[in-house]
Structure formats: C-alpha cells, structure tokens
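For reference, the structure discussed in these notes is given below.
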Amino acid sequence: MSAAVQPGPHGRVLIVDDEPLLLRAYARGLRAAGFTIETAGDGAQAAALVTVEHFDVIVSDIAMAGLDGVQLLRKVREHDLDVPVILMTATPAVDTAIKAVEYGALRYLVKPFPESALTEVVGRAVRLHKMAKLKRQALELVGRGEHQVGDLAGLSASFDRAIASLRMVYQPIVSWRARTVYAYEALLRSDEPTLPHPGAIIEAAERLGRLPDLGRAIRDHVAVAIPSAPAELVFVNLHTRDLLDELLYAADAPLSRLARRVVLEITERAAIDDVPDVAHRIVKLRAMGFRVAVDDLGAGYAGLTSFAQLEPDVVKFDMSLIRRIHENETKKRLIGAMTALIGELDMRVIAEGVESIEERDALIEVGCDLFQGYLFARPAHPFPDVGWPAPRSVSGRR
Ligand code: G
Ligand code: MN
C-alpha cells in the first residue's frame, strides 16, 4: 500500500466500470463534488491499480467480463483491510448481494441512480474509511496488537497469508525418571500479524469454513519434520472437525505414512458429540497406526464423553490443574487419584504446562512422570533440547 499520490480534499476514489460512458459520467459527477478520481475500465486493471496506489474509496460495477466486482473486492482485501468498496449493478441478484456484503462491500447501489446518491454514498464512505484507520490506530495504542479483521474478504486474505507463512514449533515431553525426551508436541505458529496467535488462526478457519485447509497444512508440515525428530513420537493437535476430513484417513496422505510415530491430540475443550460416528472414526485412525490422546483434561466438559468415546492411549492434564499444584492439596489429591486410575487403564499421563521446579516435584510425588512445560523447554523450531532442572534437594531448597 503506497500513499504516493496526495489525496484530494475529499479523498481519492477509484471507479471501475466496463461501460466507458457510465465511467465518464460517474467520474465527472464525483470530480465536480471535489473528489480526486482514478478510473479503470475493467476488474483486472483496477486490481493492478490497488496494488500500487492508495484509495479512500473504491466504486465498482459487479458484472464485468474477466474479474468481476466481487472478485475485485477479494483482491482489494489482500492489500487493504479497511478501504470501503461500493458495488453497483443493474441486475441485483440476491445471492450476489449477500456475497458482496459478506466480503465487506460497504454499499450496494442499484443502477440507475441519481448522481447525488453516488456523491453522498462516496462522501460517507470516505469518512468511514478515516474512522476505520483511526480505530485501528486506537487498537494498536491500547496494545491489543491484534488487527481486527472485520469482514470475510479481509479475513480470507489474512488466513491465506497465515497459511503461507505457517510454521510448526515443537515442545518436548520428557520422562523425568528416564531423563529422556519421550515425544514432541507440534504447535502452530505463523508470521501473519493480523492473526497473531494460533487461536486466532483457528478461529479464522472456523469462520471461513476452511478448517480442512488448516488441518492439512499442519499435518503436511509435521510429516516433513518427523523424519528428523530426535524422539520416536510426535503429538499433533486435531480440531474435532478434522475428524470429518476424509484426507485424514487417506492411506497415502503424508502423515498417514508416518502414523506409527504420531499421537493425535483431541481436546476436551470442544464437544465431540457433534462428530458423527466418533468411535468408528477413531477405530479407523488406530487401524492406520495412529495413537490418540485426550488433551486439556479437566478444562472441558464435566462429563467423560470424549474420554469414554476415545479410549485414549495418552491423557494430558490441563495446565490449570498443574498451576501451583504444590500449594494446593486438593489439586494434588485429584491429580494423584486420576494418575493412578489412568495407569490402571493402561494409559499414559502427561502433565502439561509445568513451569516451576516446585510444580514438577509435587507432580513426581503424586506419581506423574511425563512432563511438558516451560520448565523443560519452550516450543521452538526445529526440536529444542531439554534443560533438566535439578530436584529441590540438590538445588538447595527445602
Ligand atoms: O491446547 P494445548 O494444550 O495443545 O496448548 C498448548 C499450549 O500451551 C501451547 O500454546 C504452548 O505454547 C503452551 N505452553 C506450553 N508449555 C507451557 C507452560 O509451561 N506454561 C504456559 N503458560 N503455557 C505453556
Ligand atoms: Mn495439545
């Protein structure tokens, strides 16, 4: 986005129409009202213009040969999340209108309209654009640091960039007794500033209906990394919706070929009740060689739905149960009792989010052996080494 050309007093407007006569008429009217006007005779020309010039408002016809108005809108959002886009059409179809609004068109003008209508709508749009820019600055000032992505076209562009810059980092899961790395958990990261944490990317995928794209990208990245992993097992988080992706079950998918080295984590935070035939799907994954873990145990629903349906090989305690466990007898008793039961069920248990020596030692005391958390290593790329902080007695604490 460049601001090479100074905006006129009333703002810079790009008008796009493939009918030269109309284009000229719109331009004349808006110039007379004080706007600085740039014109494009088709969508492709407009798309090229928006990559090099900055506009305060874009007004475009919808039905155009080649790139149409709705496609142009999507292109625009790849460069500019805020600029208001006004679409015009002579033949309004309900579905196009809905699409236009979903993708962040500000207004929808039905041709023909009086010149004054266009002037007024464009004038409002210029002000809204200013407002949007100020709001963004305010958000940054308050330090949320997270650009809000308002509409689906903007979100879609953000999501594409997130996928393009997607990386996986890995955090060790250690066996304290053996002083070995038992496994690594793969965690999602990207360089897209408008989706600054994994939760934002996942939420975007949910809103856009693009969870399969995200899940596949994650699994393909992990598959590339596994051969160089310095531990036998790699844990991979699944979204419950991933269980519905047929590619997860494809024998020739990159991760499927490595299934024996993979533990699929399914969180207890989300219900799996809405996934049809969960039990059957899990059986299929197991037959392929995957192992299954229940993630975030204790943070989700009170019931045992996921636990019972998944019959996991591994259970991961949510870090809220681990936090300051050394100071909390109830937590200790609970974790101890669950650890014993899980062992009797022939499952392994992992305590996640271990941050201090005191937490670790309290966990050892109640029977845990597998730990993951900042105390041992932060998630990093590719496979970080582990620090082995000494027990309390050795470090001189009592
Ligand atoms: O939902 P799930 O359990 O997969 O998420 C693990 C998340 O917890 C990751 O984002 C990871 O970066 C984070 N994490 C890992 N270890 C620690 C820790 O010791 N403390 C805290 N607060 N977070 C951690
Ligand atoms: Mn996890």
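The values are calculated or read from the model by the stated rules, or taken from the named source; none is laboratory data. Only a predicted model underlies this, so the values are computations on that prediction, with no experimental measurement involved. Quick reminder, even Gly has a Cβ in these numbers, built from the backbone with ideal geometry, and neighbours come from all protein chains shown.
What the table shows:
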| quantity | calculated |
| --- | --- |
| Lone qualifier among Q309, Q372 - being of a type in the set (S, T, N, Q) and modelled with pLDDT of 95 or more | Q372 |
| Residue match in the stretch 281-301 (condition: within 16 Å of ligand 1 (Cβ to nearest atom), farther than 24 Å from A225 by Cα and of a type in the set (A, V, I, L, M, F, W, C)) | yes |
| Among (1) more than 26 Å from the chain's Cα centre (by Cα); (2) closer than 22 Å to T267 by Cβ; (3) of a type in the set (S, T, N, Q) - the single one T330 does not satisfy | (2) |
| Within the stretch 362-379, considering residues that are aliphatic (A, V, I, L, M) and away from ligand 2 (no atom under 16 Å from the Cβ), the one nearest to the chain's Cα centre (by Cα) | L375 |
| Of all residues in the stretch 35-79 being within 21 Å of A25 (Cβ to Cβ) and hydroxyl-bearing (S, T, Y), the one that is surrounded by the most Cβ atoms within 10 Å (Cβ to Cβ) | S60 |
| Residues of the stretch 302-327 satisfying the condition of being more than 15 Å from ligand 1 (Cβ to nearest atom) and farther than 24 Å from V234 by Cβ | A302, G303, L304, T305, A308, E327 |
| Neighbours by Cβ (under 7 Å, 6+ apart or cross-chain): first from the stretch 211-240, more than 18 Å from A259 (Cβ to Cβ); second part of a strand (DSSP E or B) and within 14 Å of ligand 2 (Cβ to nearest atom) | T240/I266 |
| The stretch 242-254: number of residues that are out of contact with any Pro (no Cβ under 8 Å at 6 or more places or on another chain) and within 16 Å of ligand 2 (Cβ to nearest atom) | 1 |
| Filter result for A380 (within 22 Å of P172 (Cβ to Cβ) and among the small types (G, A, S)) | yes |
| A183, sole failed condition from (1) within 16 Å of ligand 2 (Cβ to nearest atom); (2) under 18 Å from the mean Cα position of the chain (by Cα) | (2) |
| Test: residue in the stretch 346-357 that is within 35 Å of the chain's Cα centre (by Cα), free of Cβ contacts under 8 Å to residues at least 60 places away in the same chain and part of a helix (DSSP H, G or I) | yes |
| Selection within the stretch 255-269 - more than 16 Å from ligand 2 (Cβ to nearest atom) and of a type outside the set (A, V, I, L, M) | S256, R257, R260, R261 |
| Test: residue in the stretch 108-115 that is under 16 Å from S60 (Cβ atoms) and in contact with a Gly (Cβ under 6 Å, 6 or more places away or on another chain) | no |
| Hits in the stretch 29-87 (condition: at pLDDT 90 or above and acidic (D, E)) | E38, D42, E53, D56, D61, D68 |
| In the stretch 358-374, the residues that are under 14 Å from A390 (Cβ atoms), touching a residue at least 40 places away in the same chain (Cβ under 8 Å) and more than 13 Å from ligand 1 (Cβ to nearest atom) | I364 |
| In the stretch 273-293, the residues that are within 16 Å of ligand 2 (Cβ to nearest atom) and outside any strand (DSSP E or B) | F290 |
| Verdict on V292 being closer than 29 Å to L334 by Cα, of a type in the set (V, I, T) and at pLDDT 95 or above | yes |
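To keep it simple, each residue is scored yes or no on (1) within 20 Å of D160 (Cα to Cα); (2) in contact (Cβ under 8 Å) with a residue 40 or more places away in the chain; (3) part of a strand (DSSP E or B).
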site: R24; (1), (2), (3): no, no, no
site: L30; (1), (2), (3): no, yes, no
site: E38; (1), (2), (3): no, no, yes
site: A46; (1), (2), (3): no, no, no
site: V50; (1), (2), (3): yes, no, no
site: H54; (1), (2), (3): no, yes, no
site: R74; (1), (2), (3): yes, yes, no
site: L87; (1), (2), (3): no, no, yes
site: D95; (1), (2), (3): no, no, no
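The rows are residues; the columns are (1) part of a helix (DSSP H, G or I); (2) crowded, with 21+ Cβ neighbours inside 10 Å; (3) within 14 Å of ligand 2 (Cβ to nearest atom).
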residue: A271; (1), (2), (3): no, no, no
residue: D295; (1), (2), (3): no, yes, yes
residue: Q309; (1), (2), (3): yes, no, no
residue: V315; (1), (2), (3): no, yes, yes
residue: S320; (1), (2), (3): yes, no, yes
residue: H326; (1), (2), (3): yes, no, no
residue: E359; (1), (2), (3): yes, yes, no
